[in-house]
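Read the structure below first, then the notes.
The values are calculated or read from the model by the stated rules, or taken from the named source; none is laboratory data. Not measured: the values here are computed from a predicted model. Because the Cβ atoms are built from the backbone with ideal geometry, glycine has one as well, and the counts that use them run over all protein chains shown. We work out accessible area using only protein heavy atoms, side chains counted, and drop any ligands, DNA or RNA first. Shrake-Rupley method; radii C 1.70, N 1.55, O 1.52, S 1.80 Å.
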Amino acid sequence: MILDYIKVFFVGGIICLIAQVLMDYFKMQTPYVMVTYVTAGVILTFLGLYEPIVKFGGSGATVPIMGFGYSLAKGVMKSIETDGFLGIFLGGTTATAGGIAAAIVFGYIMAVVFTPKAKP
C-alpha cells in the first residue's frame, strides 16, 4: 500500500514538475499549460502511451489535468465502438460529465459564498 502512494506521488509530481518548468523557464502562461496538458493527455491516450502511465501511477496520472484529456479520449474511443461516427461528438462529454457538472456546481457555490472583488 505504501508503494502505491509513492507511485502516485511520483507520477503526479513529475506531471506537476513539467508544468512548473514550462511556466518558470519557458514563461508559458497557465492557460496555455492547461490546454497543452489536456491536448497531450488526448494525444498520448490515442497513441496508447498514457494507459501504461495510468496503470503505474493510478490517480497520480488521472487526477491532474492530463487525466481530463485521458478521460475525454477514452470516452470517445468507447463511444465510437458503440455509436460509430456520432461517438466522436458524444463520447468525451458523456465520459467527463460528472467532472464538468461538479466544476460548475462548486464554482457556483464559491461564487455565492465568497464575494469577488474587482481589481482597481
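Which one of these is open to solvent by 60 Å² or more (accessible area, probe 1.4 Å), under 14 Å from the mean Cα position of the chain (by Cα) and either hydroxyl-bearing (Ser, Thr, Tyr) or within 27 Å of residue 5 (Cβ to Cβ) (or both): 100, 53?
53
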* Quick check: anything in region 35-49 more than 23 Å from residue 80 (Cβ to Cβ), surrounded by fewer than 17 Cβ atoms within 10 Å (Cβ to Cβ) and of a type outside the set (Ser, Thr, Tyr)? -> yes
* Regarding residue 13, is this residue assigned to a helix (DSSP H, G or I), closer than 18 Å to residue 67 by Cα and in contact (Cβ under 8 Å) with a residue 40 or more places away in the chain? -> yes
* Within region 6-27, tally of residues that are among the aromatic types (Phe, Trp, Tyr) and surrounded by 12 or more Cβ atoms within 10 Å (Cβ to Cβ) -> 2
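Based on this model, can you work out whether residue 63 counts as open to solvent by less than 40 Å² (accessible area, probe 1.4 Å) and under 25 Å from residue 92 (Cβ atoms)?
no
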